[in-house]
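Remarks on the structure that follows.
The values are calculated or read from the model by the stated rules, or taken from the named source; none is laboratory data. Everything numeric in this text was worked out from a predicted model, so none of it was measured. Glycine gets a Cβ as well: all are built from the backbone with ideal geometry, and neighbour counts include every protein chain shown.
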Amino acid sequence: MTDFLYLPDRNYDKKFDSEVSKVKEGDGYIVLEETLFYPEGGGQPADHGVISWDGNETEVTDVQKKHGEAHHFIEGDDFPEEGQEVRGEIDWERRYKHMRMHTAQHVLSLVVLDEYGATTAGNQIHEDYSRIDFKPVEFDEGDIEKIQNAANALIAENLSVEKKMMDREQLEEEMDAGRANMDLIPDHIDPLRAVIIGEDDVCPCGGTHVDNLEEIGEIEITEQTKKGADTERLEFELEG
């Protein structure tokens, strides 16, 4: 098992020391006892960065979570040995872009749920743009402007973004209906990591996020696409 150091709220940490617990040269990855690297999941891409040891350095090109382990896929043929002490450093510029985008996604999902009663059916975060699928809903051109304005008005309130562990039962009581599909989270996962915007929005999420909405900048919705009879996709970018 890997201890994920960024949980619940160390999203701004960039460097860490750890020990190699497993080496899989044939598969191109190593497992660390603990890590700050975010593994791909929840629509957010994996962190990239470097791992160094005894004068050696290798790039981390992907991280995948398998059975509680973080598989750090590395570039080249140089691998540390099992039991080796290593230093990890994430690509902070990439991480921070994902943090801003992921928190912006939460803001848009909150606005659409409040205004239209539509839930987030899926999302994909990227460095320069992201997308969200909503259902059941049908947007017109006026709705897009309304959603963008409401999201940016919320961001302008400079609300804090808290990340903490919560008992599953308490989170379900405090979370608005439709905010997240709890049925997709196995019952044995308790407590859950929650992301809380201001005093009202509570949502289970394991991704990395900023500490305050002011860090997002402004949201610009760049494209609207119908993905079915009652599903709409919005793509957005961030300015500032």
>> Please go through segment 162-181 and give me each residue that is part of a helix (DSSP H, G or I) and either more than 24 Å from D211 (Cα to Cα) or within 16 Å of the chain's Cα centre (by Cα) (or both), ordered by number.
In response: E169
> What do you reckon, is D27 in contact with an Asp or Glu (Cβ under 9 Å, 6 or more places away or on another chain), of a type in the set (D, E) and not assigned by TED's automatic domain parsing to the domain that holds T120?
Replying inline: no
> Taking segment 197-223 only, how many residues are out of contact with any Leu (no Cβ under 6 Å at 6 or more places or on another chain) and surrounded by fewer than 16 Cβ atoms within 10 Å (Cβ to Cβ)?
Replying inline: 9
>> Out of K226, K164, I need the residue that is touching a residue at least 24 places away in the same chain (Cβ under 8 Å), among the basic types (K, R), assigned by TED's automatic domain parsing to the domain that holds Q124 and more than 25 Å from D128 (Cα to Cα). Which one?
In response: K164
> In this structure, is E25 over 13 Å from the mean Cα position of the chain (by Cα) and under 30 Å from L159 (Cα atoms)?
Replying inline: no
